[in-house]
Every structure is written in structure tokens, then in C-alpha cells.
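Here is the structure we will look at, set down as C-alpha cells.
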Amino acid sequence: MSQLELLLTADAESPAHNTVAWDPATGTQVAAFRGGHAAAGTLCSLAGHSLAAAERGRPGVQLWRLARRDAVHQRLSTPGPVTALAADPAATWLALAVAERVFVYELSSGRLLAVLSRHYQTVTALRFTDDGSHFVSAADDGLAAVWPVAGCADPESARHGQPLHVWAHHSLPITGLHVGGGGPRARVLTCSRDQTCKVYQLSSGELLLSVSFDVGLTSVALGPAETRVFCGTAGGAVLSFSLTEPPRSLEQHVPTAAAAALTGHTGRVTCLAVTRDGRTLVSGSDDQTVRLWHVASGQCVRTLPQRGAVTNVALVGWPAALRDAGAAPPPLHVGQLQRAQPDSGPLELELVLRDRPALLESPADGEDDGGRADRDDTIEQLRRQIAACEDVNASMYQFMVDKVMKV
């Protein structure tokens, strides 16, 4: 048996496990990872050392060591419930979305590099390029944005916190995102409830192709040769079209009857993945099944039943730790995530007395006891006022920390 790839699945209801690892060649379960339920679109591999997934409906990201195969070994605190999660292939950078904001971290130290605010509604998908130089975000506002990692990591960069491209061609929420190979020259695919799938060039930001169907689209994937696109639909069918069939105009309509379709699911197709050899397509659905399809024939070759609606499917290289525990790589060090950027210092207020009152001067020669007593009383009143100002300053600072900076 050729153990080249491992299939990871997660569903919304399983009481026993968060994620299950399968051998796609035989359909046998290889390992199960316990602990809650993974939020949709947040399951990812950290350089073959660990798995990461956000906790559904709760702040936090859970990590599992592949060598241990079972319980959560680390929990990372996040600013809020995570709606999208991605790590670069080398597990150097981690990007996660909380509502409409994207937080970018250095994974080893947990240092917060940037907080990106370009979307106006919830970010639902994040994907890195295969060289880790850029990542793409997509949201319910119909926008997709390309972010250079260098612009996030270097505060002196001219593009710090600014997207390289913003695509606003969808009229409804984006439901699927895929980034192909080629680093900064990759193709980016998006699909939406507006019944269109769009293909972009990452480097130039150019829209290369817009294909419309007769049904809303819910997920998208591209084969490794990048010649055929697969789109999941709300009705359960998986539609596909070729990128190599001329003639091809910028906008193309494909009737459902004319589209190559894989039928078998009875619920919305939530996620898609294609094996490295391009021969097998994996689809997950709300009908509580994961199906493996032979691409050339369009036949379903295997069905993996789940306990609830499928929220994540992913194909990763088969880790050596699952074949031989003694061959496991050293544990990946992941620091706790910072809640605020390092330069977010406290707010300080300084009280300056520009005109020194005469009462604070040294007593004049010949001053009687009554004048000295009045001066002492006034100084005591000033000290009480200064103490009150210090209390107010401390209260203002605590308010900033608790309510504004949210540290």
C-alpha cells in the first residue's frame, strides 16, 4: 500500500473525537484526535508536526501532536471565536480571523505581527501560497484580499497592514477559496452564492476568468495540474470545468446540464480536496458523508460515514510519526499568542506645574507662626489633590486596558 497522503476529516457532532485521519487508499481509520469540535474551514497541518483547528463557537485554537495521536497537547488563546485559520507550509506564520479582522502571528514565539482590517463582514477563509510569501483572505462581504507576509512582519514596510490586491467582483458572500501552486505567481480561485467562480492571477491582480452556473456555489478546489476546477453546490452536486478548452472569453456561462457533474451527496457540499496525483477528489457534505471520487470516470469509489455535517476535509503528506513513533520529528515549539502588539504601550498622563506657587517657596525670614500654619495647610490640600489626580490617572489607564485595548 502506498502511504503518500493522509485524509483528515472533521464533523460538527461527533462526541468522541474532533478530527479523524484516514488512509484514502483503503478507507481505514488511522488515528483519531479528541477534544471538542473544529470550526468550519479551520483544520490545517503545521509542517507535518502537529494539527491545528479552532474551537467552534469559542475563543481558542487547539493543537495535537501527530506522534501522540490522541489528546490536545496545547491550547492557544485568541481574541475571540476564530472563523478562519491558516498556517504557511513551513509553520512560520499563523493567520487567523476573528469576525472581520485578521491577526497574523509568528508561530514559534506567538508574537502578534499585525491586525488587518480591510473586510467589513466575517472573514470565512484564509489560504497561504505554497512558498509562504502571501496569503489570501475571503469574507462574507464578497471581497477577497491578497496580503504580502513581508508587509505584515516588517513594521517599516511601505505596505505594512495594506493588501496587495482587493477583489470585489462577487455580489454575495464568498463561500470557497483556493490558492494554487507557484508562490507569488499562483492562481487564486473564489466561488460565491452569486453562482460564479472566478480565477485571478495573484501577482498582477488580474481577473482571468469568470464562470457562472445556474446554482449557488459552496466550495472550490483545483487539481494539481491546474487544468480542471471543481465546484461544490448547495444541492449536493459537484460541478467541474476545464481551464484548457478554447475558445474562452473572460466571462463564461455553463448551464448545469452541460457541466460535468458528480452526483451522490444529498446535502450542501461544504469542502473539497484533490489528491496529489489528481486522480481522486474528496468531498464533504452536510449529509454526514465524505465521498472519494475517481475523477476520470466520475464514479464514487468510497463513502466514509460521519456523525454530523462535515466541516473540514484536508489531504496532507503521510507523517512519519503515524508509521513509526520512533521516527517522529522533534516537537514543534508554539508560543502562546499575544493579545496586543508589542508597541501598544500604556497611556501616560503627566501633570506639570509651570508656575510654582509662592506657598511652595522656602519660608521668608520673619514669617510668624500663623503664616507658617496656613502654608502647611495649603501644602497638605495640594498633596491630597495630587493623590486624587493619581487615582484618576490609574482608573483611566485601567479603563483603556480593559475596554479599549482589550488586553
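Numbers for the structure displayed
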quantity: Cα extents of the stretch 195-284 along the three principal axes, largest first (Å); calculated: 37, 30, 21
quantity: Stokes-Einstein D for the stretch 1-116, Kirkwood Rh over Cα pairs, 25 °C, 0.890 mPa s (µm²/s); calculated: 168
quantity: For the stretch 115-191 versus the stretch 273-304, the gap between their alpha-carbon centres in whole angstrom; calculated: 27
quantity: Förster-model FRET efficiency, 35 Å R0, Arg58 and Val301, C-beta, rounded to 0.05; calculated: 0.45
quantity: Set of the stretch 127-142 residues, backbone N closer than 18 Å to the point 7 Å along the Cα-Cβ line of His160; calculated: none
quantity: 13 Å reach of a label modelled at His73, 7 Å along Cα-to-Cβ, counting backbone N of the stretch 30-50; calculated: 46-50
quantity: Percent antiparallel among DSSP beta bridges (both partners in the stretch 138-256, rounded to 5); calculated: 90
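Here, each number is a calculation from the coordinates, and none is a lab measurement. Since the model is a prediction, treat every value here as computed from it, not as a measurement. With ideal geometry, Cβ positions are generated from the backbone for all residues, glycine too; neighbour counts draw on all protein chains shown.
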